Amino acid sequence: REDRAYLAGLLDGEGHICLIRQRLPSGRDMYRLLVGITQKSRAVLDRVVNQVGAGYVHRKKVCHQWEITGPAAKRFLLSVLPWLFIKQRKAEIAIAFQERLSALRYKHAPTGWQVQWKVAITEAINA
């Protein structure tokens, strides 16, 4: 429980929740959920990987970044949701998006509900 509260604090203060759009070679768009935490200390992010059991750490200029995507990102957000304060609404939108994406197993062509969810999550992230 304390570990999840700690992770929620890291996400609230140093993290991001976003929807990434990737253009496929076919010209279609694919969306995926991405959650990350940025720190100067790699040790902190190695601890995150150990606690979460998923994701990866990579170097970005003068800092390090832990990232997790897709269904694993949804599971992580669900585990820290009760302790989130600043990013709680963003996490709820991201969880709902990933649930819908996973349920339909339909990740291409941004039409209908995908456009609506992309707008909703973009607005929540930029709020």
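Odds and ends about this structure:
- Near pairs, Cβ below 9 angstrom, 6+ apart or cross-chain, from the range 36-60 (surrounded by fewer than 16 Cβ atoms within 10 Å (Cβ to Cβ)) to any residue that is part of a loop (DSSP other than H, G, I, E, B) and at pLDDT 95 or above: none
The rows are residues; the columns are (1) in contact with a Lys or Arg (Cβ under 8 Å, 6 or more places away or on another chain); (2) closer than 18 Å to residue 96 by Cβ.
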position: 2; (1), (2): no, no
position: 5; (1), (2): no, no
position: 8; (1), (2): no, no
position: 30; (1), (2): yes, no
position: 36; (1), (2): no, no
position: 39; (1), (2): no, no
position: 57; (1), (2): yes, no
position: 64; (1), (2): yes, no
position: 68; (1), (2): no, yes
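- The set of residues in the range 62-81 that are surrounded by fewer than 22 Cβ atoms within 10 Å (Cβ to Cβ) and of a type in the set (Lys, Arg) contains only 75.
- Restricting attention to the range 13-57, the residues that are hydroxyl-bearing (Ser, Thr, Tyr) and within 18 Å of residue 84 (Cβ to Cβ) add up to 1.
- Count - residues of the range 83-97 that are loosely packed, with under 15 Cβ neighbours inside 10 Å and touching a residue at least 40 places away in the same chain (Cβ under 8 Å): 2
The values are calculated or read from the model by the stated rules, or taken from the named source; none is laboratory data. Being a predicted model, the structure only gives us computed values, none of them experimental. Glycine gets a Cβ as well: all are built from the backbone with ideal geometry, and neighbour counts include every protein chain shown.
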